[in-house]
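Rule-based calculations on the coordinates, nothing more; no lab input. These figures come from a predicted structure and were not determined experimentally. Positions of Cβ are backbone-derived with ideal geometry, glycine not excepted, and every protein chain shown enters the neighbour counts.
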Amino acid sequence: MSKKNLVKAAVVGALSAGLVLSAGATKAASPNDMEKCYGVAKAGMNDCGGKGTGHSCQGQSKTDGDPNDWLYLKKGSCEKIIGGSLTSGYKKKGR
Amino acid sequence: MSISGKSSFKKSKIQGVGIGLRSCHYQSIIQHKPRIPWFEVISDNYMIEGGPELNYLESIRNDYPIVMHGVGMSVGSVDDLNMDYLGKLRSLKERFEPAWISDHLCWVSADKRYFHDLLPLPYTQESIDHVAKRVQRVQNVLGERILLENVSNYMTYKANEMTEWEFLSNVAEAADCNILLDINNVYVSSYNHKFDPFLYLNEIPVNRVKQFHLAGYQDKGLYLFDSHSEKVKPPVWDLYEFAVTKFGSIPTLIEWDDDIPSLSDLLTEANKASKIIWK
Amino acid sequence: MLKEIQQVFADDFSSNSSEFLKYIGGGGCEEMSSCSPAPKFIGLDAIQGLEIYRESIIAGLARSLTEIYPVCVKLIGLESFSLLAYRYSENYPSSSPSLINYGQKFSAFLNSIPQMGVALPYFPDVAALELLVHNAYYASSGSDIDLFRFNQLTPSKQSKVVFDLTPSFGLVSSEFPIKHIWEVSQDGADDEIVSLDEGADFLAVHRFGNEVRIESLSAELYLFLGEMCKGLTLSEALSSVLNEFNEFDFQASIQLALDKGFIYGFHVQN
Ligand SMILES: [Fe+2]
């Protein structure tokens, strides 16, 4: 008999004895907590402003350009992420 | 939640020059409670299940009156009215008690696809009838008159049977709704389509106009673009002065949606409008 | 006429054509009698006018992606991100009146890009994590679990319990350290190097009060909670975990899930 089955039997035993759980933490949501909360800087998603000239998408190559160009344009913090594929030819497996 | 039918918020009167509520200013508003007569809130951003955004809005609503302004109603679309959207809008109305609710005289969706852009309608009797019918249904759901805003316009339909100002006035009449007159949009469209913006304002029925918008455009050379990313431009101030003489001291909103400045810079802009409105 | 105009506008987007041009004219004064003063030049022509709208629509969608995926923007830079965002926006229409709901398939879209797996294999997983953070931020709070009632259940009833996970709850795994990548990409984070060899992540995202949290899980608990998300009963989820792993301290694991606030209710399946 494998170890797996032994543990499995033990689990079924435990469940037959009944689980007793204790209360988890309670959620704090007072307005005073909001200073700490993540997402404060989240901009409004919907607006009626002119989106064509927006700060976020300024100066990009819009609708033209090869979709593969993203790779050669990339200038970001990903340079600080090392190892894996970037040095050892690590290949991503399907999830 | 109001049960007795009486407002649960103390402040609900909208007067003078307000600014748009944007999340980057939440902290500053809650902490410093600046002297701002009222805020305009983008309703669509609060059609959510829960979370901090609604808490912020509630906290701010306790100190300031608000109006709600939407971009997703799509009153000009031939798609079915989005009842889910209207239900959410009604819930927001009940919870936050805005002084009024507005959206745009345009379509933002077609064939069940949302463009999230304010697309103009052809100025035809068919459009008037269509929009009037839908606005009446919206007003039945919400239990109040809404305001419709004129949008900035960059194209002209061959099917047009009338001018933009005739169209806007006729829709308001046929739908029995009010008007949110965006002075910047009038100016932008007048430049792009070469009509007289003063003539436009002159032809709008005074009793329907309940709110003004002011915003900054970008000069693209060939045309003006309603970018909401800068200060109100001099010709728009001129047009605004004219609008105040014609329509009176209508509550006015400074719109700024992109490259949003600090609250104090926004207030400086609002003060310029205050000087005109209370002259 | 109205129906036709709007249908053609929508069809143009799907087929990348410009049939809509037949409905619009040149500058306003060509058609309108009420032009005053007389124009010095004709305003926007039809092609320019339509282009302003089309560009504004795609740019608006792309911009909403920069709001939902700020870490992705930081990782590859705005210029490169915008290129991907425009491609996505052209190919994935929005079906909701609110942009808050847009961009839900961005990670899958990134995975479909051929060189992604070699060049930035962790990138689509970081996007998947960011989407969970975004969704959790706007999710409802859920209520508190009635533990008294749970503890009263007979063991055989308990084995048929299905736990309801809090509405903001989501799971994401990656063979790369995406939590660390996410953390060093936050504003104000220390300037740190992340090595992909730090290994796999099994993560739960949820909102606790006003705060969105990313929690590291054991592979066992990750699988267990995943089975719970699918609506499996306690005993079904347990046997599924024990099919994969040799040991699983389920009492401690469920207690941990409770303490973290992942679970907000339960029902007993018949
Ligand atoms: Fe406006």
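Quick notes on this one:
- Shielding by other protein chains, C:4-14, mean Cβ within 10 Å: 4
- Antiparallel DSSP beta bridges within the protein assembly as shown, as percent of all bridges there, nearest 5: 50 percent
- Long-range amide H partners of B:GLU40 with built H, under 5 Å: B:ILE19, B:GLY20, B:LEU21, B:VAL67
- Listed values for region B:239-247 are Karplus-derived 3J(HN,Hα) couplings in whole Hz (6.51 cos²θ - 1.76 cosθ + 1.60, θ = phi - 60°), namely 5, 5, 4, 5, 4, 5, 5, 7, 9, and x replaces Gly and Pro.
- Taking B:MET155, A:MET45 and counting other C-beta atoms within 10 Å, the order from fewest to most: A:MET45, B:MET155
- Leading residue at positive end of dipole, the protein assembly as shown (Cβ point charges), from A:CYS48, B:ILE14, C:ASN246: C:ASN246
- Rounded to the nearest 20 debye, the dipole magnitude of region C:121-270 is 980 debye, with +1 charges on Lys and Arg beta carbons, -1 on Asp and Glu beta carbons, and the Cα centre as origin.
- Checking the cross-link pairs C:LYS74/C:LYS179; B:LYS231/C:LYS105; B:LYS233/B:LYS279 against a 26 Å limit on the alpha carbon distance flags B:LYS231/C:LYS105 as lying beyond it.
- Each of C:PHE248, C:PHE109 was scored by other Cβ atoms within 10 Å of its Cβ. Listed from fewest to most, they are C:PHE109, C:PHE248.
- Other-chain or far-sequence residues with amide H under 5 Å of C:ILE214's (modelled H): none
- Values of log10 I(q)/I(0), in the order q = 0.06 Å⁻¹, for the protein assembly as shown under a Debye, Cα-only, solvent-free model: -0.38
- Look at the dipole of region C:121-270 built from charges on Cβ: of C:THR166, C:PHE202, C:GLY188, the Cα furthest out on the positive end belongs to C:THR166.
- Simple rule: put +1 on each Lys or Arg Cβ and -1 on each Asp or Glu Cβ in the protein assembly as shown, find the dipole, and look at B:HIS32, B:LEU201, B:THR268; the Cα lying farthest toward the positive end is B:HIS32.
- For chain B, the share of DSSP beta bridges that are antiparallel, to the nearest 5, is 15%.
- Inter-chain Cβ neighbour count for B:69-77, averaged per residue, equals 3 (cutoff 10 Å, partner chain atoms only).
- Residue by residue along C:164-176, Cβ atoms of other protein chains within 10 Å of the local Cβ number 2 on average.
- Cut-off under 5 Å, modelled amide H: who pairs with B:ASN160 long-range: B:TYR123
- Exposure proxy ranking, count of Cβ atoms within 10 Å, fewest first, for C:HIS180, B:HIS32: B:HIS32, C:HIS180
- Long-range tail of P(r) for region C:121-270 (Cα pairs > 29 Å, %): 21 percent
- Taking θ as phi - 60° and the Karplus parameters 6.51, -1.76 and 1.60, the scalar couplings of region B:254-271 work out to 8, 9, 8, 10, 9, 6, 5, x, 5, 4, 5, 5, 5, 5, 4, 5, 5, 5 Hz in sequence order, x denoting glycine and proline.
- Charge dipole (debye, nearest 20) of the protein assembly as shown; +1 at Cβ of Lys and Arg, -1 at Cβ of Asp and Glu: 1340 debye
- Simple Cβ-charge dipole of chain C, Lys/Arg +1 and Asp/Glu -1, about Cα centre, in debye nearest 20: 840 debye
- Shape call, region B:186-279: gyration tensor on alpha carbons, a/c limit 1.5: oblate
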